[in-house]
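All remarks here apply to the structure that follows.
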Amino acid sequence: MAQKPLEGIKVIEIGQLVAGPFCGTLLGYFGAEVIKVEPPGKGDPLRGWRALDETGTSYWWYSIARNKRSVTANLRSDEGRALVKRLIESADVVIENFRPGTMEKWGLGPESFKQSNPGLVYTRISGYGQTGPMAERPGYASVSEAFSGFRYLNGFPDRPPVRPNLSMGDSLAGLHAAFGTVLSLLHRERNQAPGQVVDIAIYESMFNLMESVVPEYVATGAIREPSGSTITGIVPTNTYLCADNKYVVIGGNGDSIYKRLMHAAGYPDLAEDPKMGDNAGRVEHEAVIDAALASWTSSMSSTEVLAVLEAADVPSGPMYSVEDMVKDPQYQARGMFESVQSASGEVTIPAILPKLDGTPGATQWAGPAAVGGDSDAVFMALGYTPEQIQILRENGDI
């Protein structure tokens with residue numbers, strides 16, 4: 001197999017749950033050696049979240065802990081912190097997602113490694129970032145998504161803002177953290193430069209999705225409001241109910257696409273109306289256009305609607321559940337599902353993007369089943385003897 005792009009990079013992942021561990025997952029998928037530091041005992045709480053297999057392990061765990069090794073260290077003991085310090089001194093990257101100031105309190109902040117490991121890329125994820133008046137506040141994804149402005153826009157105008165049934169802020173923060181880490185490694189390599197701190201705020205990761213919301217407000221005072229299943233100022237693009245009680249999404253907002261769409265739906269007058277020939281005109285007549293399309297889709301099954309639109313070369317698609325995704329030939333052809341052997345048997349987990357044709361990533365093994373199962377091997381590689389490791393274990397340091 002081709003060498004993966006991050007092979008030879010050693011990552012120490014210190015943190016729990018989603019944001020920091022997802023960053024580590026992305027790096028490990030593309031070849032980095034990721035050593036996850038877990039608290040002694042139960043380990044990362046994510047091991048027991050949501051649906052569990054027969055061993056009591058979360059199915060989510062196999063996705064986010066894939067390709068990693070697990071060691072334990074008690075960060076509240078002197079010996080546990082000393083051990084983690086040695087781990088970090090041997091690494092290229094450290095990932096942490098504690099509240100700002102916590103790592104410094106433990107003597108493990110970035111300044112502690114300026115001399116002993118000047119090339120270290122120190123990746124930090126928190127709710128509000130490492131600076132500013134809110135830096136030290138706890139910042140879960142749900143709160144950060146609201147603070148970012150994202151939740152304000154998400155939902156329908158006459159109802160409370162809606163949260164997606166996913167930890168979007170955490171995942172996007174992990175993605176930004178991985179990107180910042182790779183940028184820092186590239187800079188280090190190209191310029192023989194020291195490492196640097198990658199400072200990721202969950203709210204800023206969501207803020208990065210806000211498109212033209214800021215310049216529109218600053219220039220015109222316009223505050224973009226929630227718009228349900230449409231998007232403000234772009235018409236038509238919406239979700240429509242069909243006769244079989246299934247929804248389809250139609251994106252007909254290009255000028256020529258709009259004409260094809262309306263002809264296909266049986267509305268030649270709307271297709272050729274000069275008042276609707278461009279997006280600005282269609283925005284003014286959004287209600288008329290949407291009512292016509294909703295009437296048309298309601299008279300046919302979703303399969304029939306999509307067949308007509310495919311023939312007319314109009315962007316459209318079904319509203320998929322996970323059941324639909326798993327069965328779909330496009331997902332299968334693109335290799336979007338991977339099987340991995342766990343302690344309870346074969347588990348299916350999602351593939352990770354991006355796809356690289358020369359140095360692709362891959363799932364090599366399921367997440368570590370035993371908390372700290374790699375402790376002995378990893379710590380012996382740092383120079384600890386089996387006797388010293390046993391003492392650390394007996395004292396509760398690992």
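Worth pointing out:
- ³J(HN,Hα), Karplus 6.51/-1.76/1.60, whole Hz, each residue of region 306-315, x for Gly, Pro: 5, 5, 5, 5, 5, 5, 8, 6, 10, x
- Shape category assigned to region 19-88 from the gyration tensor of Cα positions, a/c cut at 1.5: oblate
- Panel order for Ser227, Ser58, by other beta carbons found within 10 Å of each beta carbon, from fewest to most: Ser227, Ser58.
- Across region 248-340, C-alpha contacts under 8 Å between residues 6 or more apart give a mean separation that, scaled by the residue count, equals a relative contact order of 36 percent.
- Distant-in-sequence amide contacts of Gly317, defined by a placed amide H-H separation under 5 Å and a gap of 5 or more residues or a different chain, comprise Val249.
- Protection proxy ranking for 297-310, 18-31, using the average of other Cβ atoms within 10 Å per residue and placing the highest first: 18-31, 297-310.
- Proxy reagent accessibility, fewest Cβ within 10 Å first, across Thr239, Thr181, Thr72: Thr239, Thr72, Thr181
- Helix 19-29 axis, angle to the chain major axis (alpha carbon atoms, nearest 10°): 90 degrees
- Take every Cα pair under 8 Å whose residues are at least 6 apart in sequence, average their separation, divide by the length of region 52-153, and the relative contact order is 20 percent.
- Residues whose amide H falls under 5 Å from that of Tyr128, counting only those 5 or more places apart or on a different chain, are Ile202, with hydrogens built in the peptide plane.
- Across region 53-61, rounded Karplus estimates of 3J(HN,Hα) from the backbone phi angles (6.51 cos²θ - 1.76 cosθ + 1.60, θ = phi - 60°) give 8, 5, 8, x, 9, 5, 5, 4, 4 Hz, Gly and Pro being marked x.
- Sites matching trypsin sites (Lys or Arg not before Pro) across region 246-333 that sit in DSSP coil, with at most 14 neighbouring C-beta atoms within 10 Å: none
- Net charge of Cβ neighbours under 15 Å - reference Gly155; Lys, Arg +1; Asp, Glu -1: +1
- Under 15 Å, Cβ to Cβ, from Tyr203 - net charge with Lys/Arg +1 and Asp/Glu -1: 0
- Global geometry of region 157-257, whether rounded, prolate or oblate, following the gyration tensor of its Cα atoms and the 1.5 cut on a/c: prolate
- For the chain, relative contact order (Cα pairs under 8 Å, six or more residues apart, normalised by length) works out to 20 percent.
- Span from the region 228-245 Cα centroid across to the region 58-81 one, whole angstrom: 44 Å
- Relative to the longest principal axis of the Cα atoms of the chain, the long axis of helix 286-297 makes an angle of roughly 90 degrees.
- The chain: calculated mean residue ellipticity at 222 nm from DSSP helix runs of at least 4, using -39500 (n - 2.57): -10500 deg cm²/dmol
- 3J(HN,Hα) couplings calculated from phi for region 324-333 with the Karplus curve 6.51 cos²θ - 1.76 cosθ + 1.60 (θ = phi - 60°) are, in sequence order, 5, 4, 4, 8, 6, x, 5, 4, 5, 5 Hz; Gly and Pro show x.
- Highest-first arrangement of 106-119, 153-166, where packing means the average Cβ count within 10 Å: 106-119, 153-166
- When the pairs Lys10/Lys355; Lys85/Lys114; Lys10/Lys114; Lys68/Lys355; Lys42/Lys327; Lys42/Lys85 are compared against a 24 Å limit on Cα-Cα distance, Lys42/Lys327 fall above it.
- Largest mean-square fluctuation among Ala265, Ala370, Ala291, in a Gaussian network model of the chain whose springs join Cα atoms under 10 Å apart, belongs to Ala291.
- The value for region 213-312 of Rg(Cα) / (2.2 N^0.38 Å) is 1.15.
- Over all directions, the projected convex hull of the C-alpha atoms in the chain averages 24.0 nm² in area.
- Cα long-axis angle, helix 255-264 against the chain (0 to 90 degrees, to the nearest 10): 60 degrees
- Amide hydrogen proximity for Val197: with H placed 1.01 Å from N in the peptide plane, the residues at 5 or more positions away or on another chain lying under 5 Å are Tyr122.
The numbers here are math on the coordinates, done by the rules we state, and not lab data. Keep in mind that what you see is a predicted model, and the values were worked out from it rather than measured. Here the Cβ is made from the backbone with ideal geometry for all residues, glycine too, and neighbour counts use every protein chain on show.
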